[in-house]
Every structure is written in C-alpha cells, then in structure tokens.
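Values quoted throughout were computed directly from the atomic coordinates according to the rules given, and no laboratory measurement underlies them. Here the structure is a predicted model, which is why all the values come from computation and not from measurement. Note that we place each Cβ from the backbone using ideal geometry, even for glycine, and neighbour counts take in every protein chain shown.
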Amino acid sequence: MKDNLTLLVVGEGGREFAIAKKLKQSPHVANVYCAPGNVGMLTAGVTPVNIAEMDLNGLLQFAVEHHVDWTFVGPENVLCAGIVDKFQAAGQKIIGPNKRAAQLEGSKDYALRFMNKYHIPTAKHETFTDVDSAIKGLDDFDYPVVLKENGLAGGKGVSIVPDKDTAVDTLHEMFAGPQTAVVLEECLIGPEYSMFCVIADGQYRILPMAQDHKRAYDGDKGPNTGGMGSYCPLPQLSQEDRQSMIKEIVEPTVKGLVDGGYHYHGILYIGLMMTADGPKVIEYNVRFGDPETQVILPRLATDFAELMQAVVDDQPMPEIKENDKAILGVVLAAKGYPTHPAYYPSLGKFPDADGITIDYANVTGRLDDLYGAGGRLAMIIAEADDLKTAKQRVYDYLGQLHEPDCFYRHDIGAKAGV
C-alpha cells in the first residue's frame, strides 16, 4: 500500500478519538483529520476540522480539496443519512455501509426482518406502529419484556420493563416522541458480548472482543446509556462459545449481506447474548461501538490502516493479530447523564500518569482548561498484563481526580471476575 496517506475520520466522540489515534500510529499515515473532532485529539496528533458531522456537502468538499485518500465514518446517523453513497458518487473512497445497508441499524424492524430471512437466531419479537396495538401485543410476551424504539436512539432507546403497568407507561412515552414504530422482544437471559467484524463484501475478519457496560450505575442499575466502560479480552468467554457465535451468527450474517446484494464495506457490530439455547443477536450496529472501540483497538496488533486500505480497495484483508495486553476503560460522564447531563462543567487539566491514556470525547476549551460539552466526557484507559492490574490503575487514577460535576461506575470488569 502507498505511504504518506492523508485520512479523514468523521465524528467527534471517544470512538472517533480511538479510531483516529490508531490510524495515526500507522507508519503508512502522514495526516489524520477528524471532523468535527474535539480539542483532546490534539494529544494524539490528530487535527480537528470545524465541519459538522452531518454537513455531508462540507465533508465532501474538504475531502476533495485536501486530497484525502479515504474517509472513515464513525457515527451511525451520518451513515444512515447516506454519506457513503454521496462520496462514492463523487469518486471519493470511503469506509462504511451505504444507506441501504445502514438500515440494519437505522431500523430495528428492518434488522429483525433481515435476521428472519437469513435464519439468524434472535429473540421472539413483534413490531407495532401505534400505541394501542402495542399494548395489546404485550399479551404475547412474558415479563420482563424489552421495548425498543425502532429508529436511532444513540444507544439509549431500549427499556427492560418488569410489569404491564410500566410497559404501558413506557409505550405511551415512546410513541409520544418522534418514533413511528416500537419493537417488543422477549427478554433474553445470559452474558452479553460485543463482536466487531470488518467486512468487505464476502470477506470478513473478527476483531478482539469486548464487553460493554450499558447501565448508568454500579450493579447494572439505572437507565441505559451509550456505555459506561468496557474491557478486552474476555477471559470468561470460552473458545467453544466464540466458535458457535461465528458459525451460527457471523457466517449467516455475512452470507445474507452477500446474497442480499448489500456490497457491505465497513464495520459491523453484532450485539450477542449467550443464552441457554445458544448465541442470539440482540442488535446490529453498522459501525464501531463506543466505548468498546477504545479498548479493542489498543489490543489490535494488525496495522489498522492496512486493514482499512484492504477494505476500501476490495483487496484480501490481512489476518487479525492481537497483542497480549489487557485493556480496561472507564467513562467519566457529566452528572445527570443520560437524561439531563450537566453542560460545561469545569474539568481543568487531566494530570499525566504512567500507564494511563485518556480518550477524550465531549470536551471543549483548551487542553489545560477543559470543559464538558455533553454526556460522556472522556474515557480513562489502562493497559496491563492482566485485567485486574489494568482495573486497579484506572480506579487509582479516577480516585485522585476532583471532578464534582461528574460520575463514573466503580465496577467495570466485574463480570470478568476482576
């Protein structure tokens, strides 16, 4: 592959920080821009660009004018808006699924119909387009029952409700918003895992696996969030279970994408639950997850830029190699997240510490005088020889911070026995 690449990453959060940082570490890459990015990316040698992630015309113009070799798209809303179709029509190389394929995340109902068509195991489900029929549909499910907003919800449109009264109230709330459909699903039981596949039409590679922590508070309490922390690898996941996930879910999914003519080029996240009946899909995402990306990519020993170059050029992908490090990260979020996060709390400057890296997300200001600008502000990450040591390093660091307007979970990694 050629050297001195100039790349563009679209997005602004911690996921995009991790992607841009990993690309910048490749010896083949000279420049990485991130639009709009955040000020913290300067610490990784990445250049933020003041173009909104949904300004597709502005992004395309920038890519052309700055001779960008290829663009990597982080957020789902941009993919669902058709940025890939727009760039490809203009002759620009870009990594991500097109608008049609992005419906696998943009519509829960679309994804479930895809799974049904290609015989991919998932939960019992029904989709409803009005509140009255959805309430009647509750009679077909046991409790707890899972209620999902059909469209994009930033990882927060899922409710697990314990009884009918709560379900009815929740359905009224969901249909009172912009959602036009709601999916009812049986509540699957078992450990949950995050599997990320790199796909180039019929080719696929599986990246290091991680486990996310979705609930806001310790002990998996509180509302669903975009994710409060993650770790990699997964010592509790047996090789046998991993292989069953590949055989029963990954392979038929990739075959379905080929048979359906999706021409999928990019990342596919498969949220899995290992139930007593085997692995089942909870959801598809058509991009990297946040905060899993921040622990997966440091574990990846394969040159990430080489891997993505093969995807964008439809060439054979290199094999996935992992280093032997354990990585654990904890999200620092603004108080009130995810429902009413405090805006612009003063964060000051994060102190340096051996063995600690910080992937910045919703921050603004200067590196020596930062302010929070949203829900999840940064992720504190440690690499070590084992997860227990990595976890200790992260929490020792967090314990020394004085951030009264922020909070974090104290139990990230507990399901791995650390």
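See the values below:
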read-out	value
Positive-pole candidate from Ser194, Ile246, Ile381, dipole of the chain, charges at beta carbon	Ile381
Residues Arg205, Arg299, Arg376 arranged by fewest to most Cβ contacts within 10 Å	Arg205, Arg299, Arg376
Positive-end extreme of charge dipole, the range 1-96 - chosen from Ile19, His66, Val49 (charges on Cβ)	Ile19
Calculated FRET efficiency for the pair Thr47/Tyr143, C-beta based, R₀ 60 Å, to 0.05	0.75
Other-chain or far-sequence residues with amide H under 5 Å of Ile95's (modelled H)	Thr71, Phe72, Val73
Distant-in-sequence amide H partners of Ala210 (H built 1.01 Å from N, under 5 Å)	Ser194
Karplus (6.51, -1.76, 1.60) ³J(HN,Hα), θ = phi - 60°, over the range 166-180, in Hz, Gly and Pro reported as x	5, 4, 4, 4, 5, 5, 4, 5, 5, 6, 6, x, x, 5, 9
Dipole in debye (nearest 20) - the range 191-313, about Cα centre, beta carbon charges: Lys, Arg +1; Asp, Glu -1	160 debye
Separation of alpha-carbon centers, the range 46-109 and the range 349-418, rounded to whole Å	30 Å
Ranked Cys187, Cys80, criterion: other C-beta atoms within 10 Å, fewest first	Cys187, Cys80
Relative contact order of the range 191-313, pairs being alpha-carbon contacts under 8 Å that are 6 or more residues apart, as %	33 percent
Long-range HN-HN contacts of Val32 with modeled amide H, under 5 Å	Leu7, Thr47
Karplus (6.51, -1.76, 1.60) ³J(HN,Hα), θ = phi - 60°, over the range 257-268, in Hz, Gly and Pro reported as x	5, 6, 4, x, x, 7, 6, 6, 10, x, 9, 10
Correct option for mean projected area of the Cα convex hull in nm² [calculated from the coordinates] among (1) 21.3; (2) 19.1; (3) 28.1	(2)
Karplus 3J(HN,Hα) series, Hz, for the range 126-143 with 6.51 cos²θ - 1.76 cosθ + 1.60 (x for Gly, Pro)	8, 10, 10, 10, 8, 5, 5, 5, 5, 5, 4, x, 4, 5, 8, 10, 8, 10
Residue exposure sequence - Val49, Val281 - by fewest surrounding Cβ within 10 Å	Val49, Val281
Residues in the range 208-243 that a label on Asp385 would reach, taking backbone N under 20 Å of a point 7 Å out along Cα→Cβ	232-236
Check: the chain dipole with +1 on Lys, Arg Cβ and -1 on Asp, Glu Cβ, in debye	440 debye
